[in-house]
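Just below is one structure, and these are the notes that go with it.
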Amino acid sequence: MTNQLPIAVIGAGMSGIACARMLHQHNVPFRVIDRGRVVGGRMASRRIRESGTAFDGHITDIGASYFTVQDPDFATVVNLWIDTGVAREWTDAFHVATPAGISGIRTGPMRYSATNGLRSIIEHQAEILPTELIQPSTQVAAVSVQEDHVVVDGEPFSAVAVCVPDPQAKQFIDAALASTHEILNQIDWEAVIAVTAVFEPDTLPKFDGIFVNEHPVLTWIANDGHRRGNEDPVVVAHVHPELAAQYLTDPAGVIPQALDALLPILGLTEHPQWSSAMRWTFAKPTSARPELYSFDEGNRIGLAGDSWAGGPKVEAAWKSGHELGVHLAQWWN
Ligand SMILES: Cc1cc2nc3c(=O)[nH]c(=O)nc-3n(C[C@H](O)[C@H](O)[C@H](O)COP(=O)(O)OP(=O)(O)OC[C@H]3O[C@@H](n4cnc5c(N)ncnc54)[C@H](O)[C@@H]3O)c2cc1C
């Protein structure tokens, strides 16, 4: 069998789609499998559906907030996204706050966003891939290794590119593959709950984003209207990982605490007209390996994602998946 069979790419987030693009460009047969209904993974955007309201239809980034660019190869790709209008420069200055309120402004690298939400970037990336090679709504439950191929839920593949968070990969990779599990156990991951709040028009102070320090409830507040490039009064606040971990079975339960923390920082007294919560059990690795990816040639298992390439960020996920795709294409040919 071996290389007659396609390569399975598990995960249709930034790393999996970057990997699949490389396989596609090198004419390597592949199939992308994702448990979600749509591509994007943690670059998740959701359209608010509240008919009759002014904010009906607003697209909100409920996963990653923005991305930064350092790597020259990633910069080339991002420039193409900007040229086609998919991505846009957002800002290089965010406010800083403590529980007492906003304490200053900090300039840093340019942060990029997307007019139609960050997920639209992954959709754009996936456009060159034949749609029949992307299999949504399919949760992989078992990956095991035979003598000359890999078995994904009973189906043979020549190799597998595992492009999902390490704790999720551990759930489906055969426990007998001890060296793979050793790698997947190296890094801890933390939770985040993203609370979206829609306020009355023209009530928000002027800000793009706020890093919240030394706060037991919040770590970050984004002005999602500014991020989109419009003035919609939509805010996304990220709940501190330690608190988020306590609400994973009831994410909406943390909304009152999140709002009690959010209002004084923004200098508001009126509660939002609408709110919701999104849970990320494995939001981010707490550290990342400097290596770009791993490929166990004996077992034909590749690992990529934002716990590689110096992560934990969008750029690292792209770099990791892209480079694993390049490696697998060479291995195949
Ligand atoms: C709340 C939050 C805020 C963030 N903020 C930022 C930020 O501001 N800047 C930044 O650069 N990065 C940020 N990140 C991190 C960024 O989102 C990630 O680094 C990047 O999106 C990771 O891409 P990935 O492809 O490695 O993983 P993912 O996007 O997680 O993709 C993995 C995919 O695998 C699928 N999957 C998982 N298990 C299975 C299974 N068993 N079977 C089939 N499919 C499966 C999932 O559905 C998912 O689509 C943030 C993340 C979160 C959650």
key: Enumeration of residues in the range 20-70 that are small (G, A, S), touching a residue at least 24 places away in the same chain (Cβ under 8 Å) and in a loop (DSSP other than H, G, I, E, B)   = G36, G40, G41, A44, A54, G63, A64, S65
key: Those residues of the range 74-85 which are surrounded by 11 or more Cβ atoms within 10 Å (Cβ to Cβ) and of a type outside the set (A, V, I, L, M), in sequence order   = F74, N79, W81, G85
note = The residue that is nearest to the ligand (Cβ to nearest atom), considering only those in the range 49-71 that are of a type in the set (D, E, K, R) and surrounded by 16 or more Cβ atoms within 10 Å (Cβ to Cβ), is D61
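To keep it simple, each residue is scored yes or no on (1) among the polar types (S, T, N, Q); (2) at pLDDT 95 or above; (3) outside the structural domain of V151 (by TED's automatic domain parsing); (4) at negative phi.
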| site | (1), (2), (3), (4) |
| --- | --- |
| M43 | no, yes, no, yes |
| F55 | no, no, yes, yes |
| A75 | no, yes, yes, yes |
| N79 | yes, yes, yes, yes |
| I82 | no, yes, yes, yes |
| D92 | no, yes, yes, yes |
| A97 | no, yes, yes, yes |
| T107 | yes, yes, yes, yes |
| M110 | no, yes, yes, yes |
inquiry  = List the residue pairs whose Cβ atoms are under 7 Å apart, where the first residue sits in the range 164-179 and is farther than 18 Å from V151 by Cβ, the second is polar (S, T, N, Q) and part of a loop (DSSP other than H, G, I, E, B), and the two are 6 or more positions apart or on different chains.
reply    = D166/S307
remark   = Restricting the range 219-231 to residues that are surrounded by 22 or more Cβ atoms within 10 Å (Cβ to Cβ) and touching a residue at least 24 places away in the same chain (Cβ under 8 Å), the one farthest from V86 (Cα to Cα) turns out to be I221
ask   = Looking at (1) of a type in the set (A, V, I, L, M); (2) in contact (Cβ under 8 Å) with a residue 40 or more places away in the chain; (3) surrounded by fewer than 22 Cβ atoms within 10 Å (Cβ to Cβ); (4) not assigned by TED's automatic domain parsing to the domain that holds N299, which is the one condition that is false for I128?
value = (4)
request  = Please work out if T269 is within 14 Å of the ligand (Cβ to nearest atom) and under 28 Å from F207 (Cα atoms).
outcome  = no
query = Looking at the range 227-242, is at least one residue away from the ligand (no atom under 15 Å from the Cβ) and β-branched (V, I, T)?
reply = yes
query = So is A12 in a loop (DSSP other than H, G, I, E, B) and within 6 Å of the ligand (Cβ to nearest atom) or not?
reply = yes
Top-ranked residue of the range 245-302 - restricted to ones that are among the hydroxyl-bearing types (S, T, Y) and without any contact (Cβ under 8 Å) to a residue 40 or more places away in the chain, ranked as farthest from P156 (Cα to Cα) = T269
ask   = What strands (runs of 3 or more DSSP E) lie completely within the range 71-185 and have 1 or more residues being under 23 Å from S45 (Cβ atoms)?
value = 87-98, 101-114
request  = Residue by residue through the range 74-101, note down the ones that are in contact (Cβ under 8 Å) with a residue 60 or more places away in the chain and within 16 Å of the ligand (Cβ to nearest atom).
outcome  = F74, V77, R88, W90, T91, A93, F94, H95, V96
task = Answer yes or no: is there a residue in the range 287-301 that is surrounded by fewer than 19 Cβ atoms within 10 Å (Cβ to Cβ) and near the ligand (Cβ under 10 Å from one of its atoms).
result = no
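The values are calculated or read from the model by the stated rules, or taken from the named source; none is laboratory data. Not measured: the values here are computed from a predicted model. For neighbour counting, all protein chains shown are included, and Cβ atoms are generated from backbone atoms with ideal geometry for every residue, glycine included.
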